[in-house]
Amino acid sequence: SILELLADHYQEPYPAEAVRYLDRALPQLPVSRAGRVKQRLAGLQYQIGSKDLAEGRSSAAERCFRAAVAHKPDYAAAQHDLGAALFRLGNLEEAALHFEKTLDLLPGNARAQANLDLVRKEIETRGG
C-alpha cells in the first residue's frame with residue numbers, strides 16, 4: 001500500500017513517522033500482510049523506546065516498549081527493556097514480571113536474571 005511505501009521511506013531517519021504510517025495501514029491490510037507489518041512496528045517502536053530510555057525519558061520509553069510487545073509478545077529485548085523502564089519509574093512488581101517474561105523467552109539470560117534479582121532485592125528492601 002502507499003502507506004507502507006511511505007513508512008519505508010521514513011523508517012531510517014524518522015522512525016516515528018514510519019510508525020504513524022504503518023499504524024494507519026495496518027487495519028487496511030489483509031491478514032497475510034498484517035503479521036509482517038506488526039513485526040516492523042514492533043522493531044520501530046523498540047528503536048524509538050531504546051533512544052527514549054537512553055535519553056532518560058522513561059515514560060515515553062515505557063509507551064514504546066508496550067507497543068512493541070503488543071505487536072510482538074515474544075520480543076525478548078522489548079520485554080526486557082520494558083522492565084528496565086518500569087524499574088526506573090518505580091513500578092517494581094511489573095518490572096519483575098517483564099524480566100521474568102524475558103527469561104521465559106531467553107532462559108539463562110544473565111542480564112535479565114541480574115535485573116530480576118535487583119528488582120526483587122529492591123522490592124524486599126521496600127518491604128513489599
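The values are calculated or read from the model by the stated rules, or taken from the named source; none is laboratory data. Not measured: the values here are computed from a predicted model. FYI the Cβ positions are ideal-geometry reconstructions off the backbone, even for glycines, and counts take in every protein chain you see. Ligands, DNA and RNA are stripped out before the accessible areas are found, and what is left, the full protein with its side chains, is counted by its heavy atoms. Shrake-Rupley method; radii C 1.70, N 1.55, O 1.52, S 1.80 Å.
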Please name all residue pairs, on different chains or six or more residues apart, with Cβ atoms under 8 Å, provided the first residue is in region 17-37 and is of a type in the set (A, V, I, L, M, F, W, C) and the second residue is in a loop (DSSP other than H, G, I, E, B) and open to solvent by less than 70 Å² (accessible area, probe 1.4 Å).
-> 18/11; 25/1; 29/1; 37/29
Within the set of pairs 6 or more residues apart or between chains, which connect a residue that is of a type in the set (Gly, Ala, Ser) inside region 110-122 to a residue that is in a helix (DSSP H, G or I) with Cβ atoms less than 7 Å apart?
-> 112/80; 112/99; 112/102; 112/103
Assess whether residue 81 counts as being touching a Ser or Thr at 6+ places or on another chain (Cβ under 8 Å) and closer than 21 Å to residue 22 by Cβ.
-> yes
Failed condition for residue 31, given (1) surrounded by fewer than 14 Cβ atoms within 10 Å (Cβ to Cβ); (2) among the aliphatic types (A, V, I, L, M); (3) modelled with pLDDT of 95 or more | (3)
Looking only at region 103-113, which residues are in a helix (DSSP H, G or I) and closer than 18 Å to residue 78 by Cβ?
-> 103, 104, 105, 111, 112, 113
Please give the number of the condition residue 56 fails out of (1) out of contact with any helix residue (DSSP H, G or I) (no Cβ under 7 Å at 6 or more places or on another chain); (2) in contact (Cβ under 8 Å) with a residue 12 or more places away in the chain.
-> (2)
Matching residues, region 34-56, being under 14 Å from the mean Cα position of the chain (by Cα), among the basic types (Lys, Arg) and either more than 16 Å from residue 80 (Cα to Cα) or open to solvent by less than 40 Å² (accessible area, probe 1.4 Å) (or both) = 38, 40
